[in-house]
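Everything on this sheet refers to the single structure shown next.
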Amino acid sequence: QVQLVESGGGLVQAGGSLRLSCAASGRIFSINTMRWYRQAPGKQRELVAAISSGGSTNYADSVKGRFTISRDNVKNTVYLQMNSLKPEDTAVHYCNADVRTSYGLDYFGYWGRGTQVTVSS
């Protein structure tokens, strides 16, 4: 089994910052790409940022220049530093990772349960 647990969400004023963390645990052999998604009320889940095992990153246009994704491969943890937050960033933020377990040969996608980010105007 693999578990992804997010933390770091909360309530912040517009212009403020938050740092999200997502720790993967369980019978992990290796992790490929790790991602952050978000879903606002009444909207579809959208990709916010992704980082490969080698450190290559990509971002949604709406967060470029404000958010930074990073990872610690030793700790199996991915981070999302969010600066200059806007009310439209309000959403549940989910972690997603492509994981190969110690008892398998393929990579499968796993999800965390999400952490709420609320930005007040």
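The values are calculated or read from the model by the stated rules, or taken from the named source; none is laboratory data. Keep in mind it's a predicted model, so treat the numbers as computed, not measured. Reconstructed Cβ throughout: ideal geometry from the backbone, glycine too, with neighbour counts over all protein chains shown. When the accessible area is computed, the model is the full protein with side chains, heavy atoms only, and any ligands, DNA or RNA have been set aside. Shrake-Rupley method; radii C 1.70, N 1.55, O 1.52, S 1.80 Å.
For the range 75-91, state whether one or more residues are surrounded by 21 or more Cβ atoms within 10 Å (Cβ to Cβ), at pLDDT 95 or above and small (Gly, Ala, Ser).
Within the range 75-91, one or more residues are surrounded by 21 or more Cβ atoms within 10 Å (Cβ to Cβ), at pLDDT 95 or above and small (Gly, Ala, Ser).
Looking at this structure, is residue 28 open to solvent by less than 20 Å² (accessible area, probe 1.4 Å), touching a strand residue (DSSP E or B) at 6+ places or on another chain (Cβ under 9 Å) and of a type in the set (Val, Ile, Thr)? Talk me through it step by step, then tell me what you get.
Details: open to solvent by less than 20 Å² (accessible area, probe 1.4 Å): no; touching a strand residue (DSSP E or B) at 6+ places or on another chain (Cβ under 9 Å): yes; of a type in the set (Val, Ile, Thr): yes.
So residue 28 does not fit the description; no.
Any idea which of (1) open to solvent by 30 Å² or more (accessible area, probe 1.4 Å); (2) under 13 Å from the mean Cα position of the chain (by Cα) is the one residue 50 doesn't satisfy?
(1)
For the condition farther than 16 Å from residue 2 by Cα and not in a strand (DSSP E or B), what is the one hit in 48, 92, 119, 63?
63
Could you grab the pairs with beta carbons closer than 8 Å, sequence gap of 6+ or different chains, first residue in the range 50-77 and farther than 17 Å from residue 20 by Cα, second one open to solvent by 40 Å² or more (accessible area, probe 1.4 Å) and outside any loop (DSSP other than H, G, I, E, B)?
Listed pairs, sorted by first residue: 52/32; 53/32; 55/71; 62/88.
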